[in-house]
1. Tell me the mean residue ellipticity at 222 nm calculated for the chain from its helices only (DSSP H runs of n ≥ 4, each -39500 (n - 2.57), averaged over every residue, nearest 500).
2. Among 112, 63, 80, whose Cα lies farthest out toward the positive end of the dipole of the stretch 24-163, if unit charges sit on the beta carbon of Lys, Arg (+1) and Asp, Glu (-1)?
3. Can you report the principal axis dimensions of the stretch 24-163 using only the alpha carbons, biggest first, rounded to whole angstrom?
4. Determine, for 158, 85, the number of other Cβ atoms within 10 Å of each Cβ, and report the residues in order from fewest to most.
5. If one takes the longest principal axis of the Cα atoms in the chain, at what angle in degrees, from 0 to 90 and to the nearest 10, does the Cα axis of helix 2-21 lie?
6. Can you sort 30, 63, 90 from fewest to most other Cβ atoms within 10 Å of each residue's own Cβ?
7. How charged is the neighbourhood of residue 94? Take every other residue with its Cβ under 12 Å from the Cβ of residue 94, and add Lys/Arg as +1 and Asp/Glu as -1.
Amino acid sequence: MHQAILKLAGGVALALASGAASAQWVTTDLQVTGVIQEVPGPSARCPSQFGGTITGQGSSPLLGRVVYVGSDCITPDGNIYNFSRGRFILMTVSGDQIYANYSGQFVPTGQGTNYVFNSATFQIVGGTGQYIFASGGGQLQGGEDMATGAGNIIMTGRMSYWKR
């Protein structure tokens, strides 16, 4: 049994070494700009029992075209909406994914039902493909019409990953 574990560990080490020869660990700027559509509703995973599901598409100088899906918990506080426990997935055209957590607030602009992000951040927690060990984070900017759920988003930050 002990020899089998050693052989497995050796095989894993060789596989990692051969993959590492053609890849390098990089840290770079990350910006994603796009549109979102949010659908609010009941959510059993949220302390407030209320959340939102977000879908969208956009583009990035680093990632190219992307689509994303996410969900968060929403807690009203007067005319401000706090969002927490947010999780989203960015998917590239190649099928690689980046996983992130996010939180922040929506505050009114004073113009109808338009709100903007305030103190909104994201933290990259992994992914698939070349982003399997990705990390990093940054700021979320943008806004949403709370009556329609249509909005825009700009993610700006830094990301570290294995570049193939």
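1. It lands at -4000 deg cm²/dmol.
2. 63
3. Per principal axis, max minus min of the Cα coordinates gives 48, 30, 23 Å.
4. 158, 85
5. 70 degrees
6. Sorted ascending by nearby Cβ count, the order is 63, 30, 90.
7. +1
Only the coordinates and a few stated rules stand behind these numbers; no lab work does. All values reported here derive from a predicted model rather than from experimental measurement. No Cβ is skipped: glycine too gets one built from the backbone with ideal geometry, and neighbour counts run over all protein chains shown.
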